[in-house]
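Structure record follows, encoded as structure tokens.
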Amino acid sequence: MDLGAITKYSALHAKPSGLILQYGTAGFRTKAEHLDHVMFRMGLLAALRSKQTKSTIGVMVTASHNPEEDNGVKLVDPLGEMLAPSWEEHATCLANAEEQDMQRVLIDISEKEAVNLQQDAFVVVGRDTRPSSEKLSQSVIDGVTVLGGQFHDYGLLTTPQLHYMVYCRNTGGRYGKATLEGYYQKLSKAFVELIKQASCSGDEYRSLKVDCANGIGALKLREMEHYFSQGLSVQLFNDGSKGKLNHLCGADFVKSHQKPPHGMEIKSNERCCSFDGDADRIVYYYYDADGHFHLIDGDKIATLISSFLKELLVEIGESLNIGVVQTAYANGSSTQYLEEVMKVPVYCTKTGVKHLHHKAQEFDIGVYFEANGHGTALFSTAVEMKIKQSEQLEEKKRKAAKMLENIIDLFNQAAGDAISDMLVIEAILALKGLTVQQWDALYTDLPNRQLKVQVADRRVISTTNAERQAVTPPGLQEAINDLVKKYKLSRAFVRPSGTEDVVRVYAEADSQESADHLAHEVSLAVFQLAGGIGERPQPAETTCSINNAFGLGTANKHTV
Ligand code: NG1
Ligand code: ZN
């Protein structure tokens with residue numbers, strides 16, 4: 001380690017003194033102008049992690065669904081997974097070290113993790129379309145280089161594409177080719193093969209409207225669409241040619257406002273979907289003939305996918321197990337439907353896909369989705385073995401095994417991926433001959449509301465039981481319990497956000513009015529007991545414009 005060079009270059013990426021950042025749910029995220037030093041240091045850390053694991057490590061520059069002015073960075077571990085927890089701690093230490101302590105922190109990490117500094121390092125870098133991303137990714141590269149590491153800069157990529165590249169490079173090409181062409185071909189081939197097996201094609205001609213959040217998803221879907229056009233035609237909206245990233249559009253906007261994005265014309269019964277700013281989330285929606293807006297979120301996506309996969313497993317007559325992993329934000333109706341109607345075991349983990357991913361690995365087929373539309377399905381080697389043996393099976397079973405094989409290829413197994421999920425969903429709808437309305441009718445969502453509360457220090461709230469209960473501050477959980485008792489089919493919980501300086505409140509109940517009231521009352525309890533700052537939370541009806549300014553939804557009964 002050339003400490004002199006590190007010090008010299010670090011001074012060119014100086015840390016604003018006093019700035020403290022946390023490696024949160026999805027890496028570091030804040031205003032782009034505060035991130036230069038973090039990027040340089042994450043370049044250093046990625047090189048160390050690469051030396052330690054003797055593998056390629058990924059660094060993605062994006063702030064996903066957050067506003068265009070923000071940016072962020074996250075590291076991708078060798079199998080395309082999120083960074084290991086002990087390294088998240090190193091990341092936080094390194095990002096927050098004052099200039100004069102940098103060398104010591106780097107040496108500490110190398111010693112604790114027994115990094116052989118003579119080992120080669122290789123880091124791949126990707127970035128989203130934010131104006132700040134190019135310069136920031138250059139700072140990452142500076143960090144990698146100063147530690148003697150090699151790099152490949154993929155330039156503009158969706159987050160899941162970067163995960164895919166890392167996975168391909170570390171599995172000797174067995175998973176796929178580590179190029180965009182390789183990604184497009186692998187997914188499209190699987191999709192086209194699958195869709196060919198649809199006897200009834202559902203809609204006679206398959207077309208889908210896609211809101212790309214004015215982000216990277218638009219560029220990449222446009223590059224990809226001709227690869228799969230024989231199976232699906234996509235019409236792109238919010239493609240970045242005029243609007244602002246994530247502004248009044250994208251999966252996060254649609255999910256949290258329970259409204260369609262701006263900039264998209266929707267006729268009744270047209271199937272539409274939205275990606276988020278880095279294309280790792282997807283939600284579907286449509287207007288019915290009466291002009292009511294229907295949101296199909298991650299929970300209903302998980303339901304569609306797991307029920308199809310379960311049918312395939314039954315078909316090949318195998319005792320392989322399947323499980324669904326959700327978070328506390330999953331709609332109560334989805335959990336009930338999965339457990340009671342579909343008879344699929346459901347597990348709840350903390351928020352953040354790394355937790356869901358980890359749990360899903362315990363099953364032969366693990367389907368995981370956050371309600372916001374971030375998720376995928378994972379398949380064990382036992383499933384792959386079964387498919388290999390299917391040659392000897394009878395015709396019908398062989399067909400199911402073939403479908404399963406294509407589905408495995410179609411899912412980006414390295415990460416939740418809006419493009420890959422979209423193709424899986426479109427294929428399943430075609431194979432099952434389902435319309436978007438029939439899919440939506442699987443179960444009815446319980447009315448729900450999500451709110452944010454500003455507090456002086458959100459860390460005063462700690463939780464247990466997969467974030468469904470508050471342990472501190474004292475009295476808060478008791479207050480929530482009392483409020484929940486006042487409503488039917490009700491549930492509520494609070495947790496500190498890992499990506500924003502707010503406390504999140506979630507409530508659901510038998511009517512929208514009740515869910516709104518409950519969410520508001522719980523917000524007041526948080527405000528009072530957890531050190532609220534600024535204006536007291538107002539009831540939903542009177543705070544429509546204020547809520548919207550904060551990016552919160554109020555309307556559920558939107559009509560065209
Ligand atoms: P936080 O801010 O910790 O709630 C949000 C999402 C997560 C996850 C991360 C990363 C909700 C309620 N929370 O985390 O699910 O997607 O961002 O992007 O949707
Ligand atoms: Zn995202």
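The values are calculated or read from the model by the stated rules, or taken from the named source; none is laboratory data. Because the structure is predicted, anything quoted here is derived from the model rather than measured. Counting neighbours? That spans all protein chains shown, and the Cβs are built from the backbone with ideal geometry, glycine included. Note: accessible area is taken over every heavy atom of the protein model, side chains too, but ligands, DNA and RNA are not part of it. Shrake-Rupley method; radii C 1.70, N 1.55, O 1.52, S 1.80 Å.
Rolling a 1.4 Å probe across the protein heavy atoms gives segment 3-156 an accessible surface of 39 Å² per residue.
Note on segment 182-296: dipole from Cβ charges, positive end direction compared against ILE296, PRO260, VAL192; the farthest Cα belongs to VAL192. Note that segment 289-401 presents 40 Å² accessible area per residue, ligands and nucleic acids not counted, probe 1.4 Å. Geometric descriptor of the chain, per residue, is 144 Å³ (volume of the convex hull of the Cα atoms). Using a simple spin-label model with pseudo-atoms 7 Å out from Cα toward Cβ, GLU89 and LEU489 lie 4.4 nm apart.
Relative contact order for the chain: 12 percent, from Cα pairs under 8 Å spaced at least 6 residues apart, divided by residue count. Available extension along the chain between SER511 and GLN235 is 95.9 nm, counting 0.36 nm per residue and deducting the alpha carbon span. Put a plus charge on the Cβ of each Lys and Arg, a minus charge on the Cβ of each Asp and Glu, and nothing anywhere else: the dipole of the chain about its Cα centre is then about 420 debye.
Among beta bridges from DSSP that stay inside the chain, the antiparallel ones total about 60%. If the segment from LYS177 to ASP482 were pulled out straight at 0.36 nm per residue, it would be longer than the present Cα-Cα gap by 104.3 nm. Pairs spanning more than 24 Å between alpha-carbon atoms, out of LYS177/LYS220; LYS354/LYS386; LYS255/LYS350: LYS354/LYS386. For a straight C-alpha distance cut-off of 15 angstrom, the aspartates and glutamates reachable from LYS196 (same-chain residues fewer than eight places away being disregarded) are GLU204, GLU405, GLU426. Each Cα pair under 8 Å and six or more residues apart adds its sequence gap; the mean of these over the residue count of segment 448-530 is a relative contact order of 39 percent. In this rough spin-label picture, where each label sits 7 Å from Cα along the Cβ direction, the VAL314-ALA289 distance is 3.0 nm. Here the label points at LYS396 and LYS343, each 7 Å from Cα along the C-beta direction, are separated by 1.8 nm in the simple model. Check cross-link reach from LYS488 to the aspartates and glutamates: straight Cα distance under 12 Å, and skip same-chain residues fewer than eight apart. Candidates past the 8-residue exclusion: GLU508, ASP510, GLU513. Against the criterion of solvent-accessible heavy-atom surface with a 1.4 angstrom probe, MET422, MET403 sort, most first, into MET403, MET422.
With r as the distance between the Cβ atoms of ALA456 and GLU98 and R0 = 25 Å, compute the FRET efficiency 1/(1 + (r/R0)^6) and round to 0.05.
0.50
Note on ARG536/GLN361: beta-carbon distance plugged into 1/(1 + (r/R0)^6) with R0 of 51 Å gives a FRET efficiency of 0.70. With the Kirkwood sum run over all distinct C-alpha pairs, segment 11-119 has a hydrodynamic radius of 14.1 Å.
For the chain, what is the calculated [θ] at 222 nm in deg cm²/dmol (nearest 500), taking -39500 (n - 2.57) for each run of four or more DSSP H residues and dividing by its residue count?
Mean residue ellipticity at 222 nm (helix-derived): -12500 deg cm²/dmol.
Placing +1 on the Cβ of every Lys and Arg and -1 on the Cβ of every Asp and Glu, with no other charges, gives segment 448-530 a dipole of roughly 140 debye about its Cα centre.
Summarise the accessible area of the chain (1.4 Å probe, protein heavy atoms) by the percent that is carbon and sulfur. Here carbon and sulfur together make up 50 percent of the probe-accessible area.
Heavy atoms of the protein chains alone define the surface here; on that basis segment 448-530 has 43 Å² accessible area per residue at 1.4 Å probe size.
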